[in-house]
Amino acid sequence: MMYRIRDLRLSFPDMSRKPLLGRAPRVEVLKGLSFDVPKGAVLGIVGGSGSGKSTLGRAMLRLIEPTGGSIEFDGQDITHATEDALRPLRHRFQMIFQDPMSSLNPRRRVGGIIAGPLRLHGRDDSPARVAEALDMVGLPRSFARRYPHELSGGQRQRVGIARAIALRPEFILADEIVSGLDVSSQAQVLNLLGELVRDLGLTLVFISHDLSVIRRLCNRTLVLYKGEIVEHAETAQVFDAPQADYTRTLLAAIPLPDPDQPWR
């Protein structure tokens, strides 16, 4: 099992309600989540704004520490692991961020952006390794000399993917990575991710607010609502026989090619 999540809870202080004296009350963002991510799975996590899906993703990669429950990665408990303990694992799980303009250093060329994590983890950061990563995401090798602002949104997102896969991770978490792209670029990035999952044997968690994107890429779907799991099943089952009212609401919001055709 790549991930085993049990009774995961996470809360933050609500500073807007902090009294003059004493501690601020806490707001529970994740409310006892339990689920597994098998090796090789492509799991979609979907929910509206404020559902906790991005917080869940960051907790899975231990970018934030949970306040309760447990997180196991490949059989190892990382729930409260120190950064020193996590460092040898970091190359095995990688994240692709939503906004490549904020996650890519604008002062560094693409080659340096891809080579940076390789150097950090003591891996081969040679131009040949960078070129290989660019090849894998369908970008010309000459792009290694470009800066992020010289690329389109879709090209920048491919650089983010190249940076992640250059380390040869086993697990990738992609957080809303196509939400800012046009429909054509979305399709290209989704196709690329599908190919990489197949060719590299990756396990992927794909976070989105858009069920139509989840349907295209993922074989399982987990639906979050206000920090709780309301549905978790094979993607086909979620679309054909949704069990939760909230899931049916999300499905009803998907644009249809024919506005006169009702949702099945």
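Bear in mind that the values in this text are calculations on the coordinates, not laboratory data. Treat the numbers as computed from the prediction; the structure is a model and nothing was measured. Positions of Cβ are backbone-derived with ideal geometry, glycine not excepted, and every protein chain shown enters the neighbour counts.
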Completion exercise
When Leu167, Leu250 are arranged by how many other beta-carbons sit within 10 Å of their Cβ, fewest first, they go Leu167, Leu250
Fill in the blank from the handout: Per principal axis, largest first, the Cα atoms of the stretch 107-264 extend in Å by 52, 31, 28
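Find the relative contact order for the stretch 81-158 and round it to a whole percent, using C-alpha pairs within less than 8 Å whose residues are 6+ positions apart. Kindly include the intermediate steps, with their values, before the conclusion.
Working: 57 pairs, mean separation 28.0, N = 78.
36 percent.
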Problem - Size of electric dipole in the chain: Cβ of Lys, Arg +1 and of Asp, Glu -1, about Cα centre, debye, nearest 20 - result: 900 debye
Practice task
Sequence neighbours fewer than 8 away in the same chain don't count; with that in mind, list the lysines whose C-alpha is under 19 Å from Lys226.
Solution key: Lys31, Lys53
Practice task
In a Gaussian network model over the chain where Cα atoms closer than 10 Å are linked, find which of Ala174, Ala233, Ala164 has the largest mean-square fluctuation.
Solution key: Ala233
Fill in the blank from the handout: Calc'd 3J(HN,Hα), the stretch 215-230, phi into Karplus 6.51 cos²θ - 1.76 cosθ + 1.60 (θ = phi - 60°), Hz, glycine/Pro = x, comes to 4, 6, 10, 9, 9, 9, 9, 10, 9, 9, 9, 6, x, 10, 7, 9
Practice task
Name the residue, out of Asp199, Asp84, Asp135, whose mean-square fluctuation peaks in a Gaussian network model built on the chain with Cα pairs under 10 Å.
Solution key: Asp84
Problem - Long-range amide H partners of Gln98 with built H, under 5 Å - result: Asp175
Completion exercise
When the charge dipole of the chain is computed with +1 at the Cβ of Lys and Arg and -1 at the Cβ of Asp and Glu, the Cα pointing farthest to the positive end, of Leu204, Thr249, Ile96, is that of Ile96
Handout entry: Charge dipole of the chain about the Cα centre (unit charges at C-beta), most positive-ward option of Ile172, Leu193, Gly112
Key = Gly112
Completion exercise
Fewest to most Cβ atoms within 10 Å: Met15, Met60, Met1 sort as Met15, Met1, Met60
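What does the helix-only formula give at 222 nm for the chain: each DSSP H stretch with n ≥ 4 adding -39500 (n - 2.57), the total divided by the residues, and the result rounded to the nearest 500 deg cm²/dmol? Don't skip to the end; give the middle numbers.
Numbers: 10 runs with 89 residues, N = 264.
Rounded to the nearest 500, it is -9500 deg cm²/dmol.
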Exercise for the section: Any aspartates and glutamates with Cα under 19 Å of the Lys18 Cα? List them, leaving off those in the same chain fewer than 8 positions away. Expected result: Glu28
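To the nearest µm²/s, what D does Stokes-Einstein give for the chain at 37 °C and 0.692 mPa s, using the Kirkwood radius over alpha carbon pairs as Rh? Let's see the in-between values first.
On the way: Rh = 19.6 Å.
Using the Kirkwood radius from Cα pairs, D works out to 168 µm²/s.
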